[in-house]
1. Which value results when the Cα radius of gyration for segment 392-467 is divided by 2.2 N^0.38 Å?
2. Hey, what does the equivalent ellipsoid look like for segment 107-175, semi-axes from the Cα gyration tensor as sqrt of 5 times each eigenvalue, largest first, whole Å?
3. Write down the radius of gyration of segment 338-485 and its Dmax, each obtained from C-alpha positions, in Å.
4. For all pairs of alpha-carbon atoms in segment 426-483, what percent lies in each bin of width 5 Å, listed from the first bin to the last filled one?
5. Quick check: convex hull of the Cα atoms in segment 188-239, volume per residue, rounded to a whole Å³?
6. In what order do 200, 285, 54 fall by count of nearby beta-carbon atoms within 10 Å, going from fewest to most?
7. In nm², what is the average projected area of the convex hull enclosing the Cα atoms of the chain?
8. Compute the distribution of all C-alpha to C-alpha distances in segment 275-346, in bins of 5 Å from 0, and list the percent of pairs in each, rounded to whole numbers.
Ligand code: SAH
Ligand code: SF4
Ligand code: F3S
């Protein structure tokens, strides 16, 4: 049985404001194209990425590693010598999608026996060598901390030797590897600031697939932001499973850099470089971070603060280490310190033992927190997690789905109310490119991460800022016109 019914996906598509709330989004099979001009590259690789932004960011590390070893990329699977699939294990459906893709690759391999197929990412880490038994087509299995070993493993596979490296590391941050920006718009980019997760949310597979939490050197993060800015990028999103617990000791001064300090260091690169971050864990989000956001105009007023459930009893079973009151206090502090901040969330419906009363508390939380949007899921038991070992997955699928539909409906109403409050307001927007529907219109985001569509006037170009007055809204987007201030 596989999860997320189509209506929910449709709704997610509509509500999804894309790219910038990345650690919650199960992005599907994006093919990544890059501008690799290695000149002498003799072989070609093709890569598909699934899951969260961490995976997309890792694929850029992988591309960088391979490009230094004579591999150039291709968007055409049939042209490649090496197919890589960067996988996600967060829900059962995510793994199912990967298996389906492998069967497609299998067809190609039957016509091209020398083709090497590699599985990367979280599912590789979860299944390890078992993958080679379960899926005969797979030649190499490489976990998230072993990408430096890829060239060796690929060379082995080319010589007929299947290979696995799923060692997790306590140190690896790929700090020195400059990611090859894939499928980039040249304006917005991800910067990975930490890896792994030390929380043990009982439903979650990530601590098992990504290992212990470690923070990357602040110097290399700032240098990467500076380099992106110099190359014309105007927005960076700092990525980690729990960015608020970023901690890095400067080896020269022995000073600890906190997340609030890191945010300010990146914001200082240039006032025209917007800074976003994802994801914040409610237990770790400090007022220092909120004050940094309030102080810097270029740190965007948007926080993805996943609640998971509105019931303290369920939150305890989930091992989230905060309760409803704590979460509400964090929300109140955000609105107090940054009055125009938008907050979004992740919500799991039908976790073990969830009652109708618990579910009602989740619905109430949407109203209380006034989320601008949410990513909503029903609970999918993951092998090996605390919840799988300790609790029975006892909520029937129909009940999970019904509760999810109710949560989605409530959030859609809230998103609409949230957007309607923006009518008549003027926002500073970073132009990202043409809108999907028309080359006479631009799309861009405001600080609150809302997508705005507006008619082109003057000689504004993507990558520039303009001011847009909102005239109309839907549940997912704002529409408006450029105004000169
Ligand atoms: N580190 C982030 C979350 C990463 S996973 C955080 O703590 O907020 C993204 C989201 O997937 C989670 O927030 C959760 O809502 C959802 N998720 C994780 N495991 C799940 C499971 N077993 N079933 C359903 N949804 C799950
Ligand atoms: Fe998973 Fe919790 Fe870590 Fe997020 S904080 S990755 S939900 S264990
Ligand atoms: Fe991300 Fe999926 Fe792994 S959400 S961390 S790719 S399990």
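Where a number appears in this text, it was derived from the coordinates with a stated rule and is not lab data. Nothing here was measured: the structure is a model prediction, and the numbers come from that model. Cβ atoms come from the backbone with ideal geometry, glycine included; neighbour counts cover every protein chain shown.
1. With N residues counted in segment 392-467, Rg over 2.2 N^0.38 Å equals 1.61.
2. Working from the Cα gyration tensor, I get semi-axes of 22, 13, 9 Å.
3. 19.6, 61
4. 5, 22, 38, 27, 7, 1
5. 78 Å³
6. Least crowded to most crowded, the residues run 200, 285, 54.
7. On the way: hull surface 90.9 nm².
If you wrap the Cα atoms of the chain in a convex hull and average its projections, you get 22.7 nm².
8. Histogramming segment 275-346 at 5 Å steps yields 3, 17, 29, 25, 14, 8, 4, 1 percent.
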